[in-house]
Structure formats: structure tokens, C-alpha cells
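Engineer: I'd like to ask some things about the structure below.
The values are calculated or read from the model by the stated rules, or taken from the named source; none is laboratory data. The structure presented is a predicted model; accordingly, all values stated were derived computationally and were not measured. Cβ atoms come from the backbone with ideal geometry, glycine included; neighbour counts cover every protein chain shown. The area values use the complete protein model at the heavy-atom level, side chains included, leaving out ligands, DNA and RNA. Shrake-Rupley method; radii C 1.70, N 1.55, O 1.52, S 1.80 Å.
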Amino acid sequence: MKIYRNFLMVRVYFLCLLALTIVSGFSKIEVKSLLVPSGLTTEYQSEPVGIQSDTPEFGWQFETNKRGQRQSAYQVLVSSSLTELNKNNGDLWNSDKIDSDQSFSIQYNGKPLQSRQICYWKVRAWDAKGSVSEWSKPSRFEMALLAKSDWNAKWIGLQTDEKISPLLRKEIEVTRKVKSARVYMSGLGWSELYINGTKVSNDVLSPALTDYDHEVFYCIYDVTSLLKKGSNAVGIMLGNGWFSTTDVFEDLDGWADRPQAILQMIITYDDGTEKQFLTDETWKAASGPIGSNEKRPGEEYDARLEKPNWNIVDYDDGPWRPVSVFPAPKGRLISQTIPPMKVLDTIRPIKVTKDGKGGWVFEFDHFFSGWVRLNVKGKAGTKITLTYEKGRIVSHGGEKDTYILKGAPDGETYEPRFTFHPVRFVYVEGLEKEPTLETLEGREVYSNVDLYGSFNCSNELLNRIHDNIQRSLKVGLKGFILDCIHREPITYNEPASLFGSLATRKFMPDLWLREARNIQLGSSSNGDLSDIVPVLPGMKRESDVSQNAAYPMLIWYLYECYGSIQLLQKHYGTVKAWVDFIGSEMADSDHIVRKGWLGEHMLPKPGGLLGWDFISKETPKDFLWTCLYYQNIRILADMGRVLGSKEEANRYMALAETIRATINRKWFNTTTGHYATGSQTSDILPLALGVVPQESRQQVIDNIARTIRENGGKLRVGHLGLPGFMESLVDHGLGDVVYNAVNTTEFPGWGYMVSQGATTVWEGWSLANGTYQAEESMTMLTGVSRFFYESLAGIQEPNFYGTQEFAPGYSQIGIKPHVMGDLTYVNTSIKTIRGIISSSWKKTENSLTLDVTIPANATAKVSVQVMGLKNITITESGKVVWKDGAYVSGVEGISGGKQEVGYVTFDTGSGEYHFKTNNNRK
């Protein structure tokens, strides 16, 4: 028995020793976080090639199935090789542990980065409890050519007086096995690159437009797989694009009189040695099958002039001419980091009819931009004309492409390369036999941006309007936000177009940051801005606050979307110079802006008359300009506050308050409660901008409602009133007023456009304005999209006009849907810098369900509308979170709740939530 007791004691001793050893071992191991970094981006892109910044910004999101997850710290490693990264050696940058919840706009702060350098990086994060995650999967980025001295190639082209598309070629010798090969190329205006007969990418209309006097885009292509040991042929086809056109806009010519290209191919062999091949005097040039090619007149293609196999090895280029070396454009070569344009859809026509004059009209079921592809068979020399008509009636005044057949026995296929058009009705002349629906195919072309996001509801008219907005956005995505595809193929720096495009809630930061840069490049040394960007050669336009005031609004909106301090730093000086320019050159001593030319644009005519006022006299111009001047100063003060310029911020905020007081003293009638003339815009604009004194706000709101109702419930605002109408009225209790103005097929409105067969959002409230014919697609009036996403679905977004606080980078998300009108459900999702946000609600007679998704590393205030219910009980995933007028704790991810007017608002963390209300109506 004694021996047994001793044995038990020894066993207990060893078990205790083992337990202590295990506990001691665990104490040296960090507990792993449930946050898993994923979706790593550099400069907002996944594994980009061609980073132009020497201090790129990093970002990441998280994978987690647990609610309420927040980052408390992070560590970034950047390495010169994947091997070093796998060893956790950040030989370029080791941030060490940084206590911060920031998971985007993390600026590189390591060793200087070199041209063409390939870098590898990863990140790990600590959660709110201090637990650390595993390292993320590796990501990489590749630097561009950062210095002017990196370029050894020359600009070349074909010296000719004709506006044709030249062909350029050269054969090169690859002497060893290729490890990697990159081409750095800019072909202005547009270009296509071929190696051994293969087009190196499916990009079209490349590179994107810039102000070639300031910056010139080049593209980077990985051509490793296209090269072979021995002889290789390199071919370039050039088009005029905007660069060398004779008709950019308002009879202004382009930047040059002929297209030109620069190319630098850098091959790295398996043994580590490098070889460069450059454009220079040794290249050959010739004319090709493309003759005249312009944005608006179109393209002429003579297939009989094709040079078969011109871009493959052993082609006889003896008859070709030596290229000419051209002066370089004034602008600096920079890598194109915005998404390229591509053919992103092929669309079949729905009908083909004979017009009685030997031609055929092909009809597509919706309006889009791009061109058509012709499938035809006929005799050599037969001329086919493709006219892109504005309507069903053939006017012969549309844009045209021309194709001359070569007589191929198996038939021929043609689609243009160096133009784009508005497409809905296409008039075809010259066909030798009756066509079929297979004769023509639509080819839709736009920037290959991420268009994630959706909205649908129980009201079919609203769904149709939303669909039209999406199509207009695609039409406008041409490497920038294009105004209209036919008459004004440029960007307008003006409030309604920028507001409308932003309101579509598409996550395309690279495109928007480029848009901001284009506006900045258009600024003058005196601080003035241009309302057309890029600034076109020879263009001189009078400045106007009702246009250029959009720039500071855009910068602040983008900052609140993406949370990038660097964005504010880059643009603060330009915004400040613009604000000071208004004060010194456009405003009087009382800070009232007196100079300008526009005011409110595109105001619908009164009394149900179709049409609009191009420049409205209904609301005083100086009132509008001064209100926007105040708003721009306030934004500048906010920018200075964020950047730590406290003294300057205080000075500008004081100036803003002085101007606010001036506006109220000069234009606000305290007796009637109206501003200026009492028009809809007169009252809406100061309400949206935060000009109205608190004690007068309800009086102004009541007046706006009354003015709209006296106009038959219809809006009467132009390009300045529309953003305020959509941004501020619902928040001020006028949701039903806005809903009724949108949910109608009467003029003016988006439903009226739908009732007239529109498949996009028009330039004006009607297509005809007297003898003037409006464009069929433009983003200026697409701002109604904000009503869908923010007001109906409830996903809050930054203010464009207003003063409402918004947590930069969606760190705190607001979900506050408005159940209104005849709607019984709304479903919406968008993509943000933090991830997907979704909001869906469904209404029954006695209950409302609200399903939301909040991305990790964010918190939210989710407002559930009570819809007039009393003694309401709210559950989340079946568990009670609100009862008897009080918050009920205990549900994971929800930390509080409170009663507000018409809502119960819950404080939540990240995750998916499913709320439901129950009880009887009052």
C-alpha cells in the first residue's frame, strides 16, 4: 500500500511538472487573432505594375466570421525578394508594430525605391484584445520608370501631311533565354502594339487622355511569353486620338499635327544580363489601311491597303520609309495607373429595317458607347458606310465609319480602332445583299473599372431609372469622366456632373484620384481653375465659381471616402490658391462674388413646357457664387484642420463665418423665410451648405416643401440645385417630397425620360429644347442615384455640399433607410475602402426587417425605422435587442441602442445583422 501511495505521489509530481511546462510554453506564444488581413493593395490596386510614386500607399481588408472585429495595431514588411519576405526580413521596410486602427493609406517609409524595382510585402494585425494574426499572403508591386534619365528611346512617327494611321516596325534579335521582358510605351494619341503578329493586350484606345503639356501616360506590358530566341518583330499602329486631332472640342485642334510613339523594351535574360530595344531612327514606317481617324468624324478603313504580315518576322519592309524623329511632348512621361479601356460587352441588335433609300437601320435595345463590328461579304472596292444616328430618323448627320472591302472570298470582319461613338441606331449603306441581325454587332467600350454595387426595389420605375444611370456612367468612363460622347468629349469641373458620378457609389479610387489630378494640372499660376479638363490647347474660358467650386468639394469627398491624408497634402495648396483667387479677383470688399458668366445651368422650364433654360435668371448669380465661395472656404479650413495648420484653418473658418453672415444679411428675408427670389434653388442651396441659421431652419424647410408642392410636386432645379435637392431634403424631413418628384413619368424628371424610351440619363430634362437637340447620355443629372443608395437603402455617404460629419474611410458607417412611398423592399450593396456594405429592408403591414453587412475594422450606427409602431419590440437574429422603450443587452456585436425620432439606432461592430420589428400600429 505504501509503495502504491509513493507511486501516486510520483505520478502527480510528473503531471504537475508537465502542466507547468505546457503553461510556460504557451506563455511564450502569442494568441492568434481572428482577424486575417486579405485583399492587399498598393496604390489601391492588387499587385500593380508601374507604381509612379516613390512613397506608395498600402491597404488591406480582413477575413473574419466573428462580429465586432477591430484592428488595434499592424506591422508591414516590405522586402526586395520573396525569399527575404518569407524569412520575415523586411530589408526595404519593417514598420514594426504600429498602434493604429488604420488599414489603408499606409504610406511606405523605407529605403528609397528604384525604377523597375519589384517589391514584396505582407502585413499582420492585432485585434482589440491584443491578439496578433498570422501574416497575410504575400503581395507585390513593381515600380515604374521614375526618372527622366531612365528613358533612352526617341519619339518617332511618319512624316506626312495626311491624317492617317501609320504603321511602325522593327525586327530585333533575342540572343538568349528570356527571364522577363517589359515594354514601356506611349503611342499618341492612341496605339496598338504587336509582337510577332500578336497584339500584346486587349486594351483599346490606349493610352488614356491627359494634358500632354503636363503629363503623358505610358503603358507597361509584360511581353515575356511573346518573345522567342532569334528574330522577333515589333509593330506599332498609331491613331490620332485627342493628341493630333483637328476637332477636340469647339473647333480646337489637338496638341500636335501627327501621331507619334516612344517605346522601350527591357529584356532580362536568364543569366541576369539585360538588353534594351528602343524606338529610334532605325525603325521603318508606312501608311496602312486606316486613313482619316478622328474622334467625331470617325474612321476610314480601306482593306485593299492592308499590309499582310507587316508585324511578323521576315516581312519585306524594303519599300517602307525611315521613321522621322519628332520632338517630345512637353509633358512628363508617367505610368498609366488607371484601368485601361476595353471592349467589355458585345451586344446583338434587336431589329434591322430597310429605310427605302437602299440603306438599313440596325437598332439596339439600349444606348451605349463604342462602335459596331461589321461582318460582310462582297466585291473588292465596295464601300460600306456606318452612320451612328441620334434617333430612328436617318439624318445622315451622325458620326461615320467607312469600310472598303478587299473582296475576301470567305467574308470580312471590320471594327474601328481609333474612334468611338454613341450607339443606338446605326444606318448602314452599301451592302450588296439584305443583311441579317448577324451582320452587325455592338461593341461596348469603357474603362475597365470595378463596377461592383447594386440597387433594386419593389418600384419598377425606380429600377429603370437606376439602370439608366448605370448605362450613363459606362458611357462616361473613358479614362476620365466624359461629359457627353458626341459634342463635348471632355470633363467638366462642375458640381452636378461630379456629384452625379460619385453618387453611383462605385469604388474606383484610381480613376477619381486621376480626375482630381487633371483638375489640379489645369490650374493657373494665379490660382484660377479651368472648368474644362484637361485644358485644351488654345482654350481660353472665363472663370466661374458655379463651375470650378466643384474641385474643393471633390477633394474633401474623396478624403472622406478613402481617408488619405496624402490626398489632402497634395491638393491643399491648389485649393487654397483657388479660394484666394476668388477673394482677390472675383469678390468685392464685402466678399460678395461679382464676376462670372454661368450661374444655374439647365433649369427646367416652368408650367410643364418642355425644355430648359441654359443659363437661368431665376436665382441671382452673385447669390449662388457667394454661397459656393463660402462652402469652398469652409472646406479649405477643414483641410487645414486635418493637416494641422491650426492658425490658417482658424483664419479661413472665421472668413467663412463672415461670408455666411453676409449671405444671411443680404439675401435672407426673415419675414418670409426665403432666400433671394424664393426659387427652389434659392432656398435649397443655403440649406444644403449649412448657411441657414438654426432658428430659421424649419421655416426654410417648410418653404421649400411649399414651393415644390405649388409647382405640382415637381423639382425645378438646375446643376447647382440638384445636388442639394438630393443630398439634404430627405435628411430635413422632406422624404415624401423627394420621392414624389422622382417617382413620376411627368416632365421634368427621370421617369419622364423612361416614358420617352430613354435607356440612359439625358443631358437635359427633355431631348429637345427648341431647335437644340440634347445628348442622349450625360452624368450631369445622375445625382438622383444618391436618393437610391443613401435615402432609400440608407447607406450614408460623405456630403458633397453639406456639413454633416462623416468618419473618413468609413470607419464608422451609418445605415439609416427611409421607408417611403409605395415601396415594400429595397436591396443594396456597395464596395468601400473597408469592404462590402449592404443594406436590405422589407416591409409588411406590421413589421420591418433590415439586414445589414458591416465590414471588419469598422463600427456602425444602424437605424431601424419604427414606422409608427408602438410598444415596439426589435429582435436581431431572433434575440430581443429592444423592448419596452429600452435597449436589451446580450447580443454579440451590439453595444447599445437609443430611441430617436422615427427610429431606434443601434451601435454595432462589424458583421452581418438581421433586425426585425414587431407590434401593432398606433
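Engineer: Any chance segment 357-367 includes a residue that's over 28 Å from ALA758 (Cα atoms), modelled with pLDDT of 95 or more, aromatic (Phe, Trp, Tyr) and in contact with a Gly (Cβ under 9 Å, 6 or more places away or on another chain)?
Structural biologist: no
Engineer: Are there strands (runs of 3 or more DSSP E) fully within segment 773-858 with at least 2 residues that are open to solvent by 30 Å² or more (accessible area, probe 1.4 Å)? List them. Spell out how you get there, then give the answer.
Structural biologist: Numbers: elements: 812-815, 825-832, 835-843, 848-854.
Here the list reads 825-832, 835-843, 848-854.
Engineer: What do you reckon, is GLY522 surrounded by 22 or more Cβ atoms within 10 Å (Cβ to Cβ), more than 23 Å from SER206 (Cβ to Cβ) and among the small types (Gly, Ala, Ser)?
Structural biologist: It is false that GLY522 is surrounded by 22 or more Cβ atoms within 10 Å (Cβ to Cβ), more than 23 Å from SER206 (Cβ to Cβ) and among the small types (Gly, Ala, Ser).
Engineer: I've got another one for you. Within segment 346-353, identify whether any single residue is open to solvent by 20 Å² or more (accessible area, probe 1.4 Å), in contact (Cβ under 8 Å) with a residue 60 or more places away in the chain, over 30 Å from ASN518 (Cβ atoms) and of a type in the set (S, T, N, Q), and answer yes or no.
Structural biologist: The answer is yes; a qualifying residue exists.
Engineer: Name the residues in segment 260-276 that are more than 19 Å from SER335 (Cα to Cα) and surrounded by 14 or more Cβ atoms within 10 Å (Cβ to Cβ), would you?
Structural biologist: Residues satisfying the conditions are THR268, TYR269, LYS275.
Engineer: Let me ask something else. Quick one: which of VAL36, VAL49, VAL31 is surrounded by 17 or more Cβ atoms within 10 Å (Cβ to Cβ) and at pLDDT below 95?
Structural biologist: From the options VAL36, VAL49, VAL31, the qualifying one is VAL36.
Engineer: What number goes with the only condition from (1) free of Cβ contacts under 8 Å to residues at least 12 places away in the same chain; (2) acidic (Asp, Glu); (3) under 30 Å from GLU250 (Cα atoms) that ASP302 does not pass?
Structural biologist: With respect to (1) free of Cβ contacts under 8 Å to residues at least 12 places away in the same chain; (2) acidic (Asp, Glu); (3) under 30 Å from GLU250 (Cα atoms), ASP302 is out only on (1).
Engineer: Does GLU585 qualify as being out of contact with any helix residue (DSSP H, G or I) (no Cβ under 9 Å at 6 or more places or on another chain) and outside any helix (DSSP H, G or I)?
Structural biologist: Criteria not met by GLU585.
Engineer: Let me ask something else about it. Identify the residue in segment 135-162 that is assigned to a helix (DSSP H, G or I) and among the charged types (D, E, K, R) and, among all such residues, is nearest to SER244 (Cα to Cα).
Structural biologist: LYS148
Engineer: Looking only at segment 865-873, decide whether some residue is of a type outside the set (D, E, K, R), within 30 Å of ASP127 (Cβ to Cβ) and in contact (Cβ under 8 Å) with a residue 40 or more places away in the chain. Break it down stepwise before answering.
Structural biologist: The initial filter retains those residues of segment 865-873 that are of a type outside the set (D, E, K, R), namely 865-869, 871-873.
Among the residues that remain, those that are also within 30 Å of ASP127 (Cβ to Cβ) are: none.
So far as segment 865-873 goes, no, none of its residues is of a type outside the set (D, E, K, R), within 30 Å of ASP127 (Cβ to Cβ) and in contact (Cβ under 8 Å) with a residue 40 or more places away in the chain.
Engineer: Need at least 3 residues that are open to solvent by less than 60 Å² (accessible area, probe 1.4 Å) and of a type outside the set (A, V, I, L, M) per element, so show me which strands (runs of 3 or more DSSP E) inside segment 867-922 make the cut, counting only ones lying wholly within it.
Structural biologist: 873-876, 903-908, 911-918
Engineer: Quick test of your reading of the structure: PHE367 fulfils all but one of (1) within 30 Å of GLU215 (Cβ to Cβ); (2) under 28 Å from the mean Cα position of the chain (by Cα). Name the failing condition by number.
Structural biologist: Just one mismatch for PHE367, condition (1).
Engineer: Same structure again: Cβ-Cβ below 8 Å, separation at least six or inter-chain, first residue in segment 313-324 and in a loop (DSSP other than H, G, I, E, B) and open to solvent by 100 Å² or more (accessible area, probe 1.4 Å), second among the small types (Gly, Ala, Ser) and at pLDDT 95 or above: which pairs?
Structural biologist: Here the result reads ASP314/SER231; PRO319/ALA286, each pair linking segment 313-324 to a residue that is among the small types (Gly, Ala, Ser) and at pLDDT 95 or above.
Engineer: Something else about it: Scan segment 473-487 for residues that are open to solvent by less than 10 Å² (accessible area, probe 1.4 Å), closer than 16 Å to VAL343 by Cα and not β-branched (Val, Ile, Thr) and jot them down.
Structural biologist: If the condition is that a residue be open to solvent by less than 10 Å² (accessible area, probe 1.4 Å), closer than 16 Å to VAL343 by Cα and not β-branched (Val, Ile, Thr), then LEU473, GLY476, LEU477, LYS478, GLY479 are the ones that fit.
Engineer: Within segment 252-307, how many residues turn out to be assigned to a loop (DSSP other than H, G, I, E, B) and under 26 Å from GLY378 (Cβ atoms)?
Structural biologist: Total satisfying the criteria: 5.
Engineer: Moving to a separate point now. Can you tell me which residue among PHE58, PHE104 is part of a loop (DSSP other than H, G, I, E, B), open to solvent by less than 20 Å² (accessible area, probe 1.4 Å) and in contact (Cβ under 8 Å) with a residue 60 or more places away in the chain?
Structural biologist: PHE104
Engineer: Identify, from the list ASP150, ASP161, ASP211, the residue that is under 16 Å from PHE326 (Cα atoms) and of a type in the set (Asp, Glu).
Structural biologist: On inspection, the qualifying residue turns out to be ASP161.
Engineer: Hey, another quick one. Going through segment 199-208 one residue at a time, which ones are touching a residue at least 12 places away in the same chain (Cβ under 8 Å) and more than 17 Å from SER369 (Cα to Cα)?
Structural biologist: Answer for segment 199-208, where residues must be touching a residue at least 12 places away in the same chain (Cβ under 8 Å) and more than 17 Å from SER369 (Cα to Cα): VAL200, SER201, ASN202, PRO207.
Engineer: Just to check your reading of the model, which residue among LYS595, LYS576 is modelled with pLDDT of 95 or more, in contact with a Phe, Trp or Tyr (Cβ under 9 Å, 6 or more places away or on another chain) and either outside any helix (DSSP H, G or I) or closer than 30 Å to ALA858 by Cα (or both)?
Structural biologist: Only one candidate passes the filter, namely LYS595.
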